[in-house]
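> The structure under discussion is supplied below as structure tokens; questions concerning it will follow.
The values are calculated or read from the model by the stated rules, or taken from the named source; none is laboratory data. Computed from a prediction, not measured in an experiment: that's the story for all the values here. Please note: Cβ atoms are built from the backbone with ideal geometry, for glycine as well, and neighbour counts cover all protein chains shown. Remember, those area values only see protein heavy atoms, side chains included, never the ligands or the DNA or RNA. Shrake-Rupley method; radii C 1.70, N 1.55, O 1.52, S 1.80 Å.
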Amino acid sequence: MKDQIEAIQNEALSRIAQAADTRALDDARVVVLGKKGTLTEISSGMRDIPKEEKASIGALLNSARTAITEALEAKQLALQDIADKQALEGIDSTLPSRALHHGSLHPLTLIRHQAINILRRMGFALAEGPEIEDEFHCFDALNTPADHPARNEKDTFYFDSGKLLRTHTSSVQVRSMESQAPPVRIIAPGSAYRRDEIDATHLSVFNQLEGLYIDTDVSLGDLKGTLEYFFQEMFGSGTEVRFRPHFFPFTEPSFEIDVKLHAKGQAPRWIEVAGCGMVDPAVFAAISASRKDGAYDPEKVTGFAFGMGLDRLAMIRWGIKDIRLLIENDARFLKQFA
Ligand code: DAH
């Protein structure tokens, strides 16, 4: 019996040594230690062993079991080691990790945030209105007569219902005055739509930011100070700002605002960035007619308004030559603003 145990042990150890993977190792374990394994079977023959031999044979069985179990464990670790090494083959774990790709804000979003931040610091609150507007809010209440070119079917997107895609964010002026009494200090960034031919400086949808300030005794000086400060915050403290007389139906007097652009390698030039003016009393009269509470009595309130093109501001800020880049979503272009 002692010889048999020794033979089983040797056989098992050599199977274990030869096992090339964990499956072969499992097989080796079952053959010896399984329910019908060789060592299990011989252990059950202990009953028939004479008393005086029991102790020594038992000890031999135990040491065989221990030797085999230890060999199995050691081989298991060795195989795992090999598997780990193979999994890592070709991978240099000392290399720095790959950079994560973060998204970035669109240049228009960056400009809008900056404009809003500056104006909020000055006490303007955000306001909004619908992009599908009616003629009253887009034109009539803004003192724009029916024969004004902006109302032409060739220039404006009309729906069969008579509604239209707002041609400017100035409609939010009207909506704000309808819904709140003076004083009013609002800004309204948003999309506007025109039937323009698409080229490097025109799209049929573009982005504006409207502003409106209504109180008693608001002066042209307030308008100039506010907008000069705004554009100097936007483009740098030394930025020159000029107010050029112009015409808008809803303001009187009205101006276009130019800033002096110093682009690299180019002679400095004035570039138009916004329209503005003192709110025309005719606008207050229209609001008074619809509110009927006298809050916007043209004799009592005064105010200024302005509207700027955010696309234009972004193009100036970053020297973007073609407005279409702002809507094409070409990652190579957008990545530059990360
Ligand atoms: N709504 C004008 C446009 O789209 C811009 C503008 C001019 C807005 C003068 C104003 C303003 O509020 O006072 O061209």
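> Excluding same-chain residues fewer than 8 positions from Lys163, which lysines have a Cα within less than 28 Å of its Cα?
Cross-link targets: Lys154, Lys292.
> Out of the total accessible area of the chain (probe 1.4 Å, heavy atoms of protein only), what percent is carbon and sulfur?
Values: 9910 of 19260 Å².
The nonpolar share, carbon plus sulfur, comes to 51 percent.
> Taking the alpha-carbon centroid of each part, what is the distance from the range 284-308 to the range 140-216 in angstrom?
A separation of 17 Å, based on Cα centres.
> Another question, if that's okay. Before rounding to the nearest 500, sum -39500 (n - 2.57) across all DSSP H runs of length at least 4 in the chain and divide by the residue total; then give [θ] at 222 nm in deg cm²/dmol. Don't skip to the answer; put the middle values down first.
On the way: 11 runs with 142 residues, N = 338.
Theoretical 222 nm ellipticity from helices: -13500 deg cm²/dmol.
> Right, here's the next one. Taking every pair of alpha-carbon atoms in the range 76-120, what share in percent sits in each 5 Å bin, from 0 to the bin with the longest distance?
With 5 Å bins starting at 0, P(r) equals 5, 15, 10, 10, 9, 7, 6, 6, 7, 6, 6, 6, 5, 2, 0.
> Can you give the charge dipole size of the chain about its Cα centre, rounded to the nearest 20 debye, using +1 on the beta carbon of Lys and Arg and -1 on the beta carbon of Asp and Glu? Mind dumping the intermediate values first?
Values: 39 positive and 49 negative charges, 171 e Å.
About 820 debye.
> Could you give P(r) for the range 2-88, binned at 5 Å from zero, as whole percent values over all Cα-Cα pairs?
3, 14, 24, 21, 14, 10, 7, 4, 2, 1, 0, 0
> I'd like the orientation of helix 51-88 relative to the chain: the angle between its Cα long axis and the longest Cα principal axis, in ° from 0 to 90, rounded to 10.
The two axes meet at around 30 degrees.
> Tell me, in nm to one decimal, what length is gained between Ser290 and Ala99 on full extension, where the rule is 0.36 nm per residue of separation less the Cα-Cα distance? Intermediate results must be reported in sequence, preceding the final value.
Numbers: separation 191, 0.36 × 191 = 68.76 nm, distance 5.88 nm.
This chain segment gains 62.9 nm when fully extended.
> Still on this structure, please answer the following. Quick one: angle between helix 107-121 and the longest Cα principal axis of the chain, in degrees between 0 and 90, rounded to 10, please.
Tilt of helix 107-121: around 60 degrees.
> Nearest 10 degrees is fine. How inclined is helix 220-235 to the longest principal axis of the chain, computing both from alpha carbons?
30 degrees
> Mind checking the log10 I(q)/I(0) for the range 130-177 at q = 0.18, 0.20, 0.24 Å⁻¹? Debye, one equal scatterer per Cα, no solvent, two decimals.
-0.47, -0.58, -0.84
> For the chain, just run the numbers: alpha carbon Rg, then divide by 2.2 N^0.38 Å, N being how many residues it has.
Working: Rg = 41.8 Å, N = 338, 2.2 N^0.38 = 20.1 Å.
Normalised Cα radius of gyration, the chain: 2.08.
> Using a 7 Å offset from Cα along Cα-Cβ at Gln86, what residues in the range 4-29 end up with backbone N under 11 Å from the label point?
20-23
> Sticking with this one: How high is the FRET efficiency from His148 to Glu178, r the C-beta distance, R0 25 Å, rounded to 0.05? Walk me through the numbers before you get to the answer.
Details: r = 21 Å, r/R0 = 0.86.
Efficiency at R0 = 25 Å is approximately 0.70.
> Find the accessible area per residue for the range 20-92; the probe is 1.4 Å, ligands and nucleic acids are left out, and the unit is Å². Don't jump to the answer; show the numbers that get you there.
Values: 5080 Å² over 73 residues.
Heavy-atom accessible area per residue stands at 70 Å².
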